[in-house]
Each structure stands twice: as C-alpha cells, then as structure tokens.
Amino acid sequence: VARAISQGDYTRRVRESRRDELGDLAQTINVMADELEAQDQQRKELVANVSHELRTPIAGLRAVLENIVDGVTEADPETMRTALKQTERLGRLVETLLDLSRLDNGVVPLKMRRFEVWPYLSGVLKEANRVAAARAGMATGSGSHTRTDVHLHLDVSPPELTAHADPERIHQVVANLIDNAVKHSPPHGRVT
C-alpha cells in the first residue's frame, strides 16, 4: 500500500486489524493516504478553476483583437481600453496565482477597499457588453457565449450603495455570473 501511495495511487488503504505498533503504522498510513487524496483533489479543482478564470479574459481579448485585425472594428481608444482591461485582468489573475503558490495555509490575501457599487458594476457590465459584441463578431468559436440578444440591466438599490470588498475578487464573481446568466438565458432574455 505504501508503494502504491508513493506512485500516486491514493485510493489504497491498509487493513487496521491489529492493536500493536503495526496497527498504529497502518492507521498512520491510512490517514496519510486520506490527506494526500484530499490534496490531490484540491489540486485538480484548482487547475480547473484557474483554467475557467483565465479562459474568459483570454477569449474576450482574443475577440477584440481578432475584430481589429479582421477590420470588423476600428482600433479606437474605447476598443483598445477594453483590450487593455482584459490584459490587466489577466495580469491580476496571474498575480493571484503567484500569491497562491506562496501560501501554505490556503488563505488568499484580500485587498479590501470601499467603493460605490453602481459605478463599479456599471463598468463591469459595459465591459461584458463589449466583450460579448466582440465575440459575436468572431468567426471561430472560443468556447464562450456569443449572445448579443440578451439585455443586461443594472439595478442597484439604494443607488448610493457602497461596498467594502476586494474589487478584483468581486469582478471575477460578477463577470462569471454575467457570463453564465447570458449563456443560459432564453432568446432575447433579460439579466438584471
């Protein structure tokens, strides 16, 4: 069992039928196997989550740049700002990965600050609309939605609402929520 565990098979366990030192060793090996199996599962989930988080800004950036190259859109300042925002978001995601690799207790440092919710979410929605429009103009599939028939509506109540949070973490959550809501909306749906 120890040899199998050392080769990456964390499913094997030792029978714990003895009440002596060998029984203690068997129990220790089983606890170690449980912990290694849990860590392996967490590693696989992290890779899947990282892939998902990186795919969205990469697809958006690719769509914007392909549209410029194909002559579908002009390289005007607003289009370039959208591309820059996606690139900056990629940079922040990579920084987060580096932070995670340095941490051994699994806690992500939050950069908390107070900000107004309406202008912040308005910016996230504008970016989502531009990325969706750019994706719709792409000839090749990127694995992301190309729906422009879904209307995105922002409703913040009260309008002066503020939040104390890490804006980048909130951006990841809201961008994923918007992306999923648009993908699963009926034709000509509305996401609020």
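Within the shell of other residues whose beta carbon sits under 9 angstrom from the beta carbon of Asp166, the net charge comes to +2, with Lys and Arg scored +1 and Asp and Glu -1. Calculated from the alpha-carbon coordinates, the chain shows an Rg and a Dmax of 23.2, 76 Å respectively. For the chain, the solvent-accessible area of protein heavy atoms averages 65 Å² per residue (probe radius 1.4 Å; ligands and nucleic acids excluded).
Note on the chain: helix-only mean residue ellipticity at 222 nm, from DSSP H runs of 4+ residues weighted -39500 (n - 2.57) and normalised by residue number, equals -21500 deg cm²/dmol. Computed about its Cα centre, the charge dipole of the chain is approximately 220 debye, with only Lys, Arg, Asp and Glu carrying charge at their Cβ.
Using equal-weight Cα scatterers in the Debye expression, the normalised intensity of region 1-102 in log10 at q = 0.11, 0.20, 0.23 Å⁻¹ is -0.57, -0.97, -1.10.
Extension gain for Asp9-Val50 works out to 12.3 nm (0.36 nm per residue, less the C-alpha to C-alpha distance).
Accessible area ranking (1.4 Å probe, heavy atoms, ligands and nucleic acids excluded), largest first, for Ile29, Ile170, Ile58: Ile58, Ile170, Ile29. Applying 1/(1 + (r/R0)^6) with r as the Cβ-Cβ distance of Val94 and Leu177 and R0 = 25 angstrom yields a FRET efficiency of 0.65. Comparing mean-square fluctuations of Asn30, Asn180, Asn49 from a GNM of the chain with C-alpha springs under 10 Å, the top value falls on Asn30. Between Glu21 and Arg147, the contour length at 0.36 nm per residue exceeds the Cα-Cα span by 39.0 nm.
For His151, the residues 5 or more places off, or on other chains, whose built amide H falls under 5 Å of its own are Gly189, Arg190, Val191.
Mind checking which helices in the chain clear 15 Å along their axis (Cα) and have mean Kyte-Doolittle hydropathy of -0.5 or more, DSSP H runs only?
Counting only whole DSSP H runs, the qualifying helices are 21-69, 117-136, 167-183.
Between Glu78 and His164, the contour length at 0.36 nm per residue exceeds the Cα-Cα span by 28.1 nm.
The peptide list 84-90, 61-67, put in order of mean Cβ contacts within 10 Å with the highest first, becomes 61-67, 84-90. Among Ser157, Ser51, Ser17, the largest mean-square fluctuation in a Gaussian network model of the chain, built with springs joining Cα atoms closer than 10 Å, belongs to Ser17. Of the solvent-accessible surface of region 1-106, computed with a 1.4 Å probe over protein heavy atoms with every protein chain present, carbon and sulfur atoms account for 52 percent. GNM on the chain, alpha-carbon springs under 10 angstrom: the most fluctuating residue among Met112, Met80, Met32 is Met32.
The values are calculated or read from the model by the stated rules, or taken from the named source; none is laboratory data. Predicted, not measured: the structure shown is a model, and the values here were computed from it. Neighbour counts are summed over all protein chains in view; Cβ atoms, including those assigned to glycine, are modelled from backbone coordinates with ideal geometry. Side chains included, ligands, DNA and RNA excluded: accessible areas come from the protein's heavy atoms. Shrake-Rupley method; radii C 1.70, N 1.55, O 1.52, S 1.80 Å.
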